[in-house]
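The values are calculated or read from the model by the stated rules, or taken from the named source; none is laboratory data. All figures in this text were calculated on a predicted structure; none of them were measured in a lab. For neighbour counting, all protein chains shown are included, and Cβ atoms are generated from backbone atoms with ideal geometry for every residue, glycine included. Each accessible area value is taken on the protein alone, full model and side chains, heavy atoms only, with ligands, DNA and RNA left out. Shrake-Rupley method; radii C 1.70, N 1.55, O 1.52, S 1.80 Å.
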Amino acid sequence: MNITLKVWRQKGPNQVGAMETHKMTEVSGDMSFLEMMDVLNGNLIREGKEPFAFDHDCREGICGSCSMFINGEAHGPGRNVTTCQLHMRSFKDGETIHVEPWRSAAFPVIKDLSVDRSSFDRIIQAGGYVSVNTSGETIDANAIPIPKHDADQAFDAATCIGCGACVATCKNSSAMLFVSAKVSQLSLLPQGKPESKQRVIRMVDQMDLEGFGNCTNTGACEVECPKGISITNIARMNRAFLSSNLTSK
Amino acid sequence: MALTGLFLCLFLVGHLLGNLQLFVGGEEGRVAFNNYAQFMTTNPLVKVLSYLTYAGVLFHIVDGFVLTIQNRKARPVKYVVEKGNLNSSWASRNMAVLGTILLVFLVSHMQSFWYVMHFGEIEIIDGVKDLHSVTMDFFNPAINNLAAVMTGLYVFAMLSMSFHLNHGFQSAFQTMGVNHPKYTPVINFVGKAFSILIPAGFASLPIYLFIIQS
Amino acid sequence: MLDSRIPEGPLAEKWNTHKDNIRLVNPANKRDIDIIVVGTGLAGSSAAASLAELGYNVKSLCFQDSPRRAHSIAAQGGINASKNYQNDGDSVYRLFYDTVKGGDYRSREANVHRLAEVSSNIIDQCVAQGVPFAREYGGLLDNRSFGGVQVSRTFYAKGQTGQQLLLGAYSALSRQISKGKVEMLNRHEMMEVVKVDGKARGIIARNLVTGEIERHSAHAVVLCTGGYGNAFYLSTNAMGSNVSAAWKAHKQGSFFANPCFTQIHPTCIPVSGHYQSKLTLMSESLRNDGRIWVPKSKDDVEAILNGSKLPTDLKEEERDYYLERRYPAFGNLVPRDVASRAAKERCDAGFGVNKTGHAVYLDFASAFVRYGKTEALTRGIQNPSDETIVELGREVIKSKYGNLFDMYKQITDDNPYETPMMIYPAVHYTMGGLWVDYNLMTTVPGLFAAGEANFSDHGANRLGASALMQGLADGYFVLPYTIGDYLADDIRTGKISTETQEFDAAEKKVKDEIQALISNNGDTPVDDFHRRLGLIMWEKCGMARNEKDLKQAIAEIQELRKEFHSNVLVPGSENAFNPELEKATRLADFLELGEAMCLDALTRAESCGGHFREESQTPDGEALRDDENYTFVSAWEYTGTPSEAKLHKEDLIYDNIELKQRSYK
């Protein structure tokens, strides 16, 4: 099939960017979106032009590197898929496809479609861990039984791949889904409970410091999240944040 | 936003219940309504409540403005193509717009009634300010040239309020951390009902008053 | 020459004895010692976090935009540990034995035993960190069984075990970053090892965002840089996975061990077009319930290809369940190397079922019926119809493998609930890597290698769910001890200066290499060369190898390398974010490694594990090991040209295990 691509071109972080148009022919429906971008880049290189920079790595939907805003949606059309798992058969012959980077003050553009998501790392560094040394000499793994339901819920929250689609798709660039997924995972498990009060406050403070917007509960994040993480986690974090704030000394 | 919003929802209920007295016709209705208005402006407990409401409204507005500004700053470069309709409701994405409409309405509404009641020239019958006539006249095309327009605007404002509440009601619970597989559907149902019934109740009055007087 | 420094004493006591006698660095002195850890996968993150906890100053690098994205994240199935929670007879010894046997007797006894010993601690540690492993209704940890062993010792978190373990290690790392004990450098790639007086004393790194070439000094350097499966271009590895750090170390004097030992995983989604950039694994666990087959007659193959027949039209007797036919004892659950070769044999014989001729069926139809019947009984459905049974069976399969089935559908647009999956083997893991001694130190003093980047634990074939175990064992529990033995000499060394001749020279070399690539006036993009290298490797150094092909491959790779350096086109600038340049520098190393792999495969004229030499097979086509002549580790010393590397042999001594020819008949 033939498609027209309008792709964001931006030289560097503080430069002004613009959409650039390219025609693609003989696109196979079995190509992943990134493979289509590979072909485009190959063509550009052969023409002596610069290819588009974009982040990608595992190409099987788990590393969270890929990050494209395609036709007005994070990771493009389709639910529960990352850009690398999106296939060209999701588009129609002759369609015009807009490709943009994640847009958020907290995710500055590095180049073209590639953005800096280290703000997510800093939020985790603010408290997204259990303070236990890696000696291995902790208690036996089965010493504390964890109800299967809690373990499953913690797992569901833990499947977040940190891609940033929630921020990209939120009209306020809020990172609440990302932060709440980690807060939930750790607060649902007995191992994470001792630190849960400080954790939620520190992580939320760091999130605000990074310049993410506020959650207005539009629910868009949960729809566009490639891992289907639920906004129940946001409510859980709100609850924890409120009670931690009210009861902290 | 959530706390003040829910508090204002309570105010809406109270306000609507009072207003519904306008459906009572004749002299009996006029006296009852005016006495009610007198009570609402003089009773010390109501006074405290009303100051709380003013504070709530003010906080809701200021907070809304601050959040909106922060949220805009969080995305300095806008998307060329953005399809929010595929993942969220229109109301949820336009709370600020809806809120601003309600703010404009609020100012105009208070000027028409609250200001007149407190500071305007208003007839006093049996020692009670005749707010009832002010209200009737406001929607009477024979007296107020703009009665039809006003009725339309009031209905429009209530429509905005309906959308505002439609998202706001259940959103407030989510913000306060109330999300539970058993209870959330109930909250959502109540929210939907609330967002339809309350504005509909409010809007029915201008329409009714306009129709019976034209 | 090669001293593996295996401690004396009985096997089961070696590690404890070693720990008791190893030299330590006291806490005050640790503060004066710098360590660089390259890579943030399971081994890298866990090593960096543990070393920082001990008190060392750690610098950690990853080429990804966040340490959390290292490719360990993609591991699906699980992690082994000899907890024996199931009371099915598991023990440290059994895990040790299974791993050595699974590795076809080409791994080092002492290392594997240590791995089995610490495996239990890994699970305790991860649970303490908040890793949400699968649990049973009673609240205790669940286990499942994995390829080729007789006990259930695999801990798992659905099909995302690697992700959960990596996020656990990443959280430990993040904690140390927040304390300032680890300086984290995202989007940085190691370009060179810097040696001072024969010891590794730092690295040259490239800031991938700005292009800046940076000098970093340390008292020791740890490489946790993963495997090199991308030498084949198409593999289940991430796009960025590369050999460069290990290869640079090799060129600086670290021996490279068993480079030809590559694991080819039997159940991957087949190649669908020439634009394909990577292959996707379908977890080994699917072989528990799926049956692998091709049509018995070529007419049926033809009919399927031209669309006149569907695979579901073929009757039982028209299908060749070749694994069940050839290996009645293990059937579809033979080890990975055996299953892969059998698929290749059928496809080479012309029975491949897709347009490329490289695909076989993985069929769940009988599992639907089997599970459906049980399900009908448990639900008390009387005389269920065939449709009901299949429907119920599908639900059971969905609960077990739903995410894999969805992924398959997403990629191929075929519904695996309706029609059998098509699969084909693909490169997955490399058992070879930098040669290390018992302390995980390479032949360059002060240069360590952990995780998939070293060679030590998996021999010629890795068992399922053992890669995660090894990465975390090395990083959490082995390296933090053993590195002290080396660093004990460095407590008075003081800060290593980067303003020395050695750093000058290394930086210049890196800059020259980059300059040569970027200013090359070629006309061919990097990927074209990579694809061609991949094709040579896959066809001549893939699932089956022979002397003639390997010799030819060496010549072809040399030719391709020459062409690459004269004709590659790298757009953009070296002083900016330039993904094409990254690819080019990595490919330059793959083009040398490929040759070394072929040389190694050529030298090892036996079949063992994933390495199958056509010259060394039994009359019925099974792999034939040659213990008399090849019970050694090939450790190659770089001499200037990869195919002229010098071979050093580390003899493998089996005191505790009797060597046997594997049989799955």
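Among the residues of region C:599-621, which ones are out of contact with any Phe, Trp or Tyr (no Cβ under 7 Å at 6 or more places or on another chain), open to solvent by less than 10 Å² (accessible area, probe 1.4 Å) and at positive phi?
Passing the criteria: none in range.
Pick from region B:147-182 the residues that are within 14 Å of chain A (Cβ to nearest Cβ) and under 11 Å from the mean Cα position of the chain (by Cα): which of them is surrounded by the most Cβ atoms within 10 Å (Cβ to Cβ)?
That would be B:L165.
Kindly indicate the residue of region C:137-146 that is more than 7 Å from chain A (Cβ to nearest Cβ) and of a type outside the set (S, T, N, Q) and also surrounded by the most Cβ atoms within 10 Å (Cβ to Cβ) among those meeting that condition.
C:F146
Is region A:134-146 home to any residue that is in contact with a helix residue (DSSP H, G or I) (Cβ under 6 Å, 6 or more places away or on another chain) and in a helix (DSSP H, G or I)?
no
Could you grab me the full set of residues in region C:51-89 that are acidic (D, E) and modelled with pLDDT of 95 or more?
C:E53, C:D65
Any idea which of A:L5, A:L34 is over 21 Å from B:V77 (Cβ atoms), among the hydrophobic types (A, V, I, L, M, F, W, C) and either at pLDDT 95 or above or buried (at least 20 other Cβ atoms within 10 Å of the Cβ) (or both)?
The conditions single out A:L34.
Table: residues versus (1) modelled with pLDDT of 95 or more; (2) closer than 24 Å to C:N242 by Cα; (3) part of a helix (DSSP H, G or I).
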position: C:A488; (1), (2), (3): yes, no, yes
position: C:K495; (1), (2), (3): yes, no, no
position: C:E499; (1), (2), (3): yes, no, no
position: C:V510; (1), (2), (3): yes, yes, yes
position: C:I514; (1), (2), (3): yes, yes, yes
position: C:L517; (1), (2), (3): yes, yes, yes
position: C:H530; (1), (2), (3): yes, yes, yes
position: C:I536; (1), (2), (3): yes, yes, yes
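When you check A:S67 against the structure, is it open to solvent by less than 50 Å² (accessible area, probe 1.4 Å), part of a loop (DSSP other than H, G, I, E, B) and under 25 Å from C:L166 (Cβ atoms), yes or no?
So A:S67 fits the description; yes.
Any idea which of C:A157, C:A172, C:A128, C:A134 is open to solvent by less than 30 Å² (accessible area, probe 1.4 Å), within 18 Å of A:P190 (Cα to Cα) and more than 7 Å from every other protein chain (Cβ to nearest Cβ)?
C:A134
Name the residues in region C:256-279 that are of a type in the set (S, T, Y) and open to solvent by less than 10 Å² (accessible area, probe 1.4 Å), would you?
Correct list: C:T262, C:T267, C:S277.
Could you tell me whether C:I389 is over 28 Å from the mean Cα position of the chain (by Cα), in a helix (DSSP H, G or I) and outside the structural domain of C:G609 (by TED's automatic domain parsing)?
yes
Pick from region C:180-210 the residues that are within 9 Å of another protein chain (Cβ to nearest Cβ) and open to solvent by 30 Å² or more (accessible area, probe 1.4 Å): which of them is farthest from A:K182 (Cα to Cα)?
C:V209
Given the residues A:G219, A:G211, A:G162, which is the only one that is facing chain B (nearest Cβ under 8 Å), modelled with pLDDT of 95 or more and more than 21 Å from A:P77 (Cβ to Cβ)?
Result of the check over A:G219, A:G211, A:G162: A:G211.
So A:I97 ticks every box in (1) more than 14 Å from chain B (Cβ to nearest Cβ); (2) over 13 Å from the mean Cα position of the chain (by Cα); (3) β-branched (V, I, T) but one. Which box is left unticked?
Unmet condition: (1).
In the list A:R89, A:R59, which residue meets the criterion of being over 12 Å from the mean Cα position of the chain (by Cα), within 7 Å of another protein chain (Cβ to nearest Cβ), outside any loop (DSSP other than H, G, I, E, B) and among the charged types (D, E, K, R)?
After applying the criteria, what remains is A:R89.
Return the residues of region C:85-102 that are open to solvent by 50 Å² or more (accessible area, probe 1.4 Å), touching a residue at least 24 places away in the same chain (Cβ under 8 Å) and assigned to a loop (DSSP other than H, G, I, E, B); say none if nothing qualifies.
Passing the criteria: C:Y85, C:Q86, C:D88.
Suppose we filter region C:437-467 for residues that are open to solvent by less than 10 Å² (accessible area, probe 1.4 Å), more than 16 Å from C:L51 (Cβ to Cβ) and in a helix (DSSP H, G or I); how many remain?
Going through region C:437-467 one residue at a time, the tally reaches 1.
Out of (1) open to solvent by less than 20 Å² (accessible area, probe 1.4 Å); (2) at the interface with chain A (Cβ under 8 Å from one of its Cβ atoms); (3) part of a helix (DSSP H, G or I), the odd one out for C:N121 is which?
(1)
Based on what the data block shows, is A:G136 at the interface with chain C (Cβ under 7 Å from one of its Cβ atoms) and at positive phi?
yes
Within the bounds of region A:116-134, is there any residue that is open to solvent by 10 Å² or more (accessible area, probe 1.4 Å), in contact (Cβ under 8 Å) with a residue 40 or more places away in the chain and over 29 Å from C:K181 (Cβ atoms)?
No.
What's the number of the only condition in (1) open to solvent by less than 10 Å² (accessible area, probe 1.4 Å); (2) among the small types (G, A, S); (3) out of contact with any Phe, Trp or Tyr (no Cβ under 8 Å at 6 or more places or on another chain) that C:G39 fails to meet?
Of everything listed in (1) open to solvent by less than 10 Å² (accessible area, probe 1.4 Å); (2) among the small types (G, A, S); (3) out of contact with any Phe, Trp or Tyr (no Cβ under 8 Å at 6 or more places or on another chain), C:G39 misses just condition (1).
Quickly run through region A:103-114 and pick out the residues that are at the interface with chain B (Cβ under 10 Å from one of its Cβ atoms) and part of a loop (DSSP other than H, G, I, E, B).
Scanning region A:103-114 gives A:R103, A:S104, A:A105, A:A106, A:F107, A:P108.
Run down B:S88, B:S92 and say which single residue is under 25 Å from A:S104 (Cα atoms), among the polar types (S, T, N, Q), in a loop (DSSP other than H, G, I, E, B) and out of contact with any Asp or Glu (no Cβ under 9 Å at 6 or more places or on another chain).
That would be B:S88, the only listed residue that is under 25 Å from A:S104 (Cα atoms), among the polar types (S, T, N, Q), in a loop (DSSP other than H, G, I, E, B) and out of contact with any Asp or Glu (no Cβ under 9 Å at 6 or more places or on another chain).
Is it true that A:R79 is closer than 24 Å to C:L281 by Cα, of a type outside the set (G, A, S), part of a loop (DSSP other than H, G, I, E, B) and more than 7 Å from every other protein chain (Cβ to nearest Cβ)?
yes
Which of the residues spanning region A:181-220 are part of a helix (DSSP H, G or I), open to solvent by less than 20 Å² (accessible area, probe 1.4 Å) and touching a Cys at 6+ places or on another chain (Cβ under 9 Å)?
Residues satisfying the conditions are A:A181, A:Q185, A:A220.
Taking the conditions exactly as written (at pLDDT 95 or above, buried (at least 24 other Cβ atoms within 10 Å of the Cβ), more than 19 Å from C:N354 (Cα to Cα) and more than 14 Å from every other protein chain (Cβ to nearest Cβ)), does C:W293 satisfy them or not?
no
Is it fair to say A:R117 is of a type in the set (D, E, K, R) and within 12 Å of chain B (Cβ to nearest Cβ)?
no
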